1. Only one residue in H118, H127 is over 19 Å from the mean Cα position of the chain (by Cα) and assigned to a loop (DSSP other than H, G, I, E, B). Which one?
2. Of all the residues that make up the stretch 48-66, how many are assigned to a loop (DSSP other than H, G, I, E, B) and out of contact with any Ser or Thr (no Cβ under 9 Å at 6 or more places or on another chain)?
3. For the stretch 67-103: of the residues being in contact with a Gly (Cβ under 8 Å, 6 or more places away or on another chain) and in a loop (DSSP other than H, G, I, E, B), which is farthest from S42 (Cα to Cα)?
4. On the given criteria, is R142 over 13 Å from the mean Cα position of the chain (by Cα) and among the basic types (K, R)?
5. So V78 ticks every box in (1) surrounded by 16 or more Cβ atoms within 10 Å (Cβ to Cβ); (2) within 18 Å of E149 (Cβ to Cβ); (3) among the β-branched types (V, I, T) but one. Which box is left unticked?
Amino acid sequence: MSASLATRRALSAALAAVALVGAAALPAAADDHRRDRNTHSSIVIGDVQYDSPARNDRSNRALNREWVEVKNTGRGAVNLRGFTLTDQQGNRYRFRDNFRLDGRSSVKVHTGQGRDTHRDVYQDRRHQIWNERDTATLRDNRGNVLDTESWGGRGHHQPRR
């Protein structure tokens, strides 16, 4: 009877140790998954039209022909409140309060002035900011980098995806 009791106690201690190790590993695994999700956002930079194809006459029309597309590749809508789009020189556009980007849709961020809609928003600038050699950086409302796109040359840039 005592061998059986000793066996049960040893088995019980072994099971408790396994449960304890499993419980300790669970938060680390959950944390890794959460970090993974943040680095693979459904909000990304799409096409870029830099260095306006129109005459560079600083007209609002020419400025609005320069844009960066922000895409939601996911199915659900995302509130872009506080998200920012910056260039290498530090020019920054911050999405207004409660701007919702529907799933599988995009919005063009134009350089010039205009009336914001769900497909087009405007930085209200009076000069071009996207140079022929530049980098666009998209950050979430906490400052985490979601995506970057760099280019060199002239005209239109499509991201490598």
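The values are calculated or read from the model by the stated rules, or taken from the named source; none is laboratory data. What you are looking at is a predicted structure, and each value in this text was computed from that prediction instead of being measured. Heads up, the Cβs are rebuilt from the backbone with ideal geometry, glycines too, and the neighbour counts pull from every protein chain shown. The accessibility values were calculated without ligands, DNA or RNA, using every heavy atom of the protein model including side chains. Shrake-Rupley method; radii C 1.70, N 1.55, O 1.52, S 1.80 Å.
1. From the options H118, H127, the qualifying one is H127.
2. So in the stretch 48-66, the residues assigned to a loop (DSSP other than H, G, I, E, B) come out as 50-59, 65-66.
In the following step, the residues that additionally are out of contact with any Ser or Thr (no Cβ under 9 Å at 6 or more places or on another chain) were identified as 50-51, 53-59.
Residues flagged as assigned to a loop (DSSP other than H, G, I, E, B) and out of contact with any Ser or Thr (no Cβ under 9 Å at 6 or more places or on another chain) within the stretch 48-66 amount to 9.
3. Only one residue tops the list, namely F95.
4. In short, no.
5. The one condition V78 does not meet is (2).
Rundown of residues vs (1) within 22 Å of R115 (Cβ to Cβ); (2) in contact with a Leu (Cβ under 7 Å, 6 or more places away or on another chain), yes/no style:
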| site | (1), (2) |
| --- | --- |
| Q49 | yes, no |
| A62 | yes, no |
| V70 | yes, yes |
| G76 | no, no |
| N79 | yes, no |
| N91 | yes, no |
| R96 | yes, no |
| L101 | yes, yes |
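Per-residue answers, yes or no, for (1) on the phi > 0 side of the Ramachandran plot; (2) open to solvent by 20 Å² or more (accessible area, probe 1.4 Å); (3) not small (G, A, S):
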site	(1), (2), (3)
A62	no, no, no
Q88	no, yes, yes
T111	no, no, yes
D116	no, yes, yes
